[in-house]
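> Pasting a structure here, questions to come.
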Amino acid sequence: MDDITALILEDHHRFRVGFARLEDARSPQELEAIWAPLALHLDIHADAEEEILYPHLLKDAGGEDAEEETDDAIRDHNKIRDGIEEAGKHPVGSDAWWKGVWTARTENSEHLAEEEDEVLPDFRKHASRELRFELGALWLRFFAEHPQGKGLSFADKDPAKYIEENK
Ligand SMILES: [Fe+2]
Ligand SMILES: [Fe+2]
């Protein structure tokens, strides 16, 4: 039904909108209402890519830079996760909270550009249409199987170990 690269781009758009919305919030309650779902979505999205997209980039649907691109992606995902975790330790709206959010935002912006300019183009060039749609279905199922992130730890991953285990 849906190509995985289109579903990923849709999420990326929602992340940009979510971060921009934070600027319109006028109270900690409003910030929380925007941040909590955004942070959860960022975390689940990274796990979904690590579970569904990057193993195929490494195995059968990536170019010669697949390992380097995957290494960059896992490092970026770790930095985004760290920013979210940092924000979670502080009262919403405090300077320390904003610092964590800002880390997640800037790392995410840089990461989206790399995925959209390098990873997804390589994947589109090398993956069959069948695979793109098959992974799209798996992508939707992943979100259904982990409502509110249930069963996911959002722990950082070691890039070298991840590549070794998934290539
Ligand atoms: Fe992504
Ligand atoms: Fe990513």
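> Just checking, how many residues over segment 56-78 are open to solvent by 10 Å² or more (accessible area, probe 1.4 Å), in a helix (DSSP H, G or I) and over 15 Å from GLY100 (Cα atoms)?
9
> What are the residue pairs meeting all of these: first residue in segment 92-113, first residue closer than 18 Å to HIS41 by Cβ and within 16 Å of ligand 1 (Cβ to nearest atom), second residue at pLDDT 95 or above and among the β-branched types (Val, Ile, Thr), Cβ atoms under 7 Å, and 6 or more apart or on different chains?
Partner pairs satisfying both residue conditions: ALA104/ILE80; ALA104/ILE84; GLU107/ILE80; ASN108/ILE80; HIS111/ILE80.
> If you check ILE52, ILE34, ILE44, which single one turns out to be away from ligand 2 (no atom under 14 Å from the Cβ), part of a helix (DSSP H, G or I) and of a type in the set (Val, Ile, Thr)?
Criteria check complete, one pass: ILE34.
> If I ask for residues that are without any contact (Cβ under 8 Å) to a residue 40 or more places away in the chain and either within 15 Å of ligand 2 (Cβ to nearest atom) or of a type in the set (A, V, I, L, M) (or both), which ones from segment 55-71 would you list? Explain how you work it out, then say what you get.
First, the residues of segment 55-71 that are without any contact (Cβ under 8 Å) to a residue 40 or more places away in the chain: 64, 68.
Answer for segment 55-71, where residues must be without any contact (Cβ under 8 Å) to a residue 40 or more places away in the chain and either within 15 Å of ligand 2 (Cβ to nearest atom) or of a type in the set (A, V, I, L, M) (or both): just GLU68.
> Additional query: Condition first: surrounded by fewer than 13 Cβ atoms within 10 Å (Cβ to Cβ) and closer than 20 Å to LEU38 by Cβ. Now tell me which residues in segment 1-21 satisfy that.
Within segment 1-21, GLU10, HIS13, VAL17, ALA20 meet the criteria.
> What tally of residues in segment 113-134 results from selecting those that are more than 17 Å from ASP60 (Cβ to Cβ) and not charged (D, E, K, R)?
Here the count works out to 1.
> Does ALA137 fit the bill of being closer than 29 Å to PRO37 by Cα, without any contact (Cβ under 8 Å) to a residue 40 or more places away in the chain and in a helix (DSSP H, G or I)?
Judged against the criteria, ALA137 is not a match.
> Give the residues of segment 1-28 that are in contact with a Gly (Cβ under 9 Å, 6 or more places away or on another chain) and assigned to a helix (DSSP H, G or I), sorted by residue number.
Passing the criteria: ILE4, THR5, ALA6, LEU7, PRO28.
The values are calculated or read from the model by the stated rules, or taken from the named source; none is laboratory data. These numbers come from a predicted model, not from an experiment. FYI the Cβ positions are ideal-geometry reconstructions off the backbone, even for glycines, and counts take in every protein chain you see. Heads up: the accessible areas ignore ligands, DNA and RNA and are worked out on the full protein's heavy atoms, side chains in. Shrake-Rupley method; radii C 1.70, N 1.55, O 1.52, S 1.80 Å.
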